[in-house]
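**Student:** This is the structure I want to talk about, given as C-alpha cells.
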Amino acid sequence: MGILYLADMHGKFPTLSPDLDKHNLVLLGDMVNNGTEYEYRKLGKWIESVKRPDRRIWVVRGNHDSGQLGNLVNDRALTIFDQLAWQTQTHTFADKKPQVVELDTGFMILLDSVARTISPHDYAQGEIGEPQLEELDSILSQLPPFTKTVVLHHDPLCADTTLLLKDAGRFIQTVQGRVDYVVYGHSHGETGCVSAGNTGYMKCGAVAEGAQAWLQDGRDWQMVRL
Ligand SMILES: [Fe+2]
C-alpha cells in the first residue's frame, strides 16, 4: 500500500479510480477555499466517502483552509481544521509542532506552514517558524536511518517570491541531505521533482486544475492521473 498525495483540491474533491483507491492518502492543504463551516462539512463528507478500515489519511493545513481567500487567517477556521485533523489523524496542529508518523518503510513528518496574516499583501506565503524548525532539527537528529519524508503545504523552492515559503532558506538548511523527500503543494502548476543531493523535492500540482498526483511506495515514486 502506497501513499497518494493530493494537493490544492480547493473544494473539487476527486473520485479515485480503483487502482488509486487502495492507497493511504495525504491531503496537502488548500482542501477548501475560505475555511468556512459549510466548506468543511462538504470536505468532511468526502473524507467519510474515502475512509476504509485499512486506509490511513493524514492532512496538513494550507492557507485557504485557514481563512478567507487564503489570506486572512482566522481562529474559527483553524479550530474547525483542528477538529478535522483530529478525526483523521488523532493530531492537532494547535501547537504548531511537527507530527512524526511511523510507516512500514520509514518515517513521515508533517509540518504546519500556515502563518498568521493580517493583510492581503502578506500573500499567504506561509512560514514554518523557528520553534518548529528547531524541533524538526532535533527529530531528524534522533530518527534511525530509514526513509524520511517531510510533508508541508507551502512551496520551499518557488521562483515566484510571492508564493515562496517565508523561511524557505532555514527550512532547506534543516532538511537538505537529512531527509529523502520533501512533498508540498500551494504554488499549483505542473507536478514534478527537483533533486538536490540526497533530497528529492516533490512538487504536487493542484488537483483542482487537473494536475497529476504523486504516488509514493517507499523509495518508488510515480506520477498518476486521477
Ligand atoms: Fe496555498
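Readers should treat all values here as calculations from the given coordinates under stated rules, not as data from a laboratory. Just so it is clear, the model here is predicted, and its values are computed rather than measured. Every residue, glycine as well, gets a Cβ built from its backbone with ideal geometry; the counts of neighbours run over all protein chains shown.
**Student:** Would you be so kind as to identify which of LEU20, ALA159, ILE128 lies farthest towards the positive end of the dipole of the chain, taking Lys and Arg as +1 and Asp and Glu as -1 on Cβ and the Cα centre as origin?
**Tutor:** Farthest towards the positive end: LEU20.
**Student:** Right, something else. Could you tell me the center-to-center distance, by alpha carbons, between region 156-226 and region 6-32 in angstrom?
**Tutor:** Each part's Cα centre sits 16 Å from the other's.
**Student:** May I pose another question? Straight distance only, please: which lysines reach the Cα of LYS22 with their own Cα at less than 29 Å, same-chain residues fewer than 8 apart left out?
**Tutor:** LYS12, LYS42, LYS45, LYS51, LYS148, LYS203
**Student:** Still on this structure, please answer the following. Would you calculate a helix-derived [θ] at 222 nm for the chain, using -39,500 (n - 2.57) for each DSSP H run of n ≥ 4 and dividing by the full residue count, to the nearest 500?
**Tutor:** Calculated at 222 nm, the ellipticity per residue is -7000 deg cm²/dmol.
**Student:** Next question, about the same structure. Stick to the Cα atoms of region 3-224, pair each with every other, and give me the Kirkwood hydrodynamic radius in Å at one decimal.
**Tutor:** 17.2 Å
**Student:** Would you mind counting up the charge near LYS166? Only other residues with Cβ under 15 Å from its Cβ, with Lys and Arg at +1 and Asp and Glu at -1.
**Tutor:** Summing Lys/Arg as +1 and Asp/Glu as -1 gives -4.
**Student:** Restricting to Cα pairs below 8 Å that are 6+ residues apart, what does the relative contact order work out to for region 3-224? Please round to a whole percent.
**Tutor:** Answer for region 3-224 is 20 percent.
**Student:** Once a ≥ b ≥ c are taken as the square roots of the eigenvalues of the Cα gyration tensor of region 103-226, is the result rounded (a/c under 1.5), prolate (a/b larger than b/c) or oblate (a/b not larger than b/c)?
**Tutor:** Judged from the Cα gyration tensor, region 103-226 comes out oblate (a/c at least 1.5, b/c at or above a/b).
**Student:** Compute the distance from the alpha-carbon center of region 42-58 to that of region 66-141, in whole Å.
**Tutor:** When both Cα centres are located, 20 Å separates them.
**Student:** Sticking with this one: With the dipole of region 3-224 worked out from charges on the C-beta (+1 for Lys and Arg, -1 for Asp and Glu) around the Cα centre, which of GLN83, CYS193, ALA7 lies farthest toward the positive end?
**Tutor:** Farthest towards the positive end: GLN83.
**Student:** With +1 on each Lys and Arg Cβ and -1 on each Asp and Glu Cβ, how big is the dipole of region 1-138 about its Cα centre, in debye rounded to the nearest 20?
**Tutor:** 640 debye
**Student:** Here's a follow-up. Hey, if you drop one equal point scatterer on each alpha-carbon of region 64-172 and run the Debye formula without solvent, what base-10 log of I(q)/I(0) do you get at q = 0.15, 0.21, 0.24 Å⁻¹?
**Tutor:** Log10 I(q)/I(0), no solvent term: -0.69, -1.22, -1.40.
**Student:** Now, a different point. Would you mind calculating the relative contact order of region 20-106 from Cα pairs under 8 angstrom and at least 6 residues apart, reporting the percent as a whole number?
**Tutor:** 29 percent
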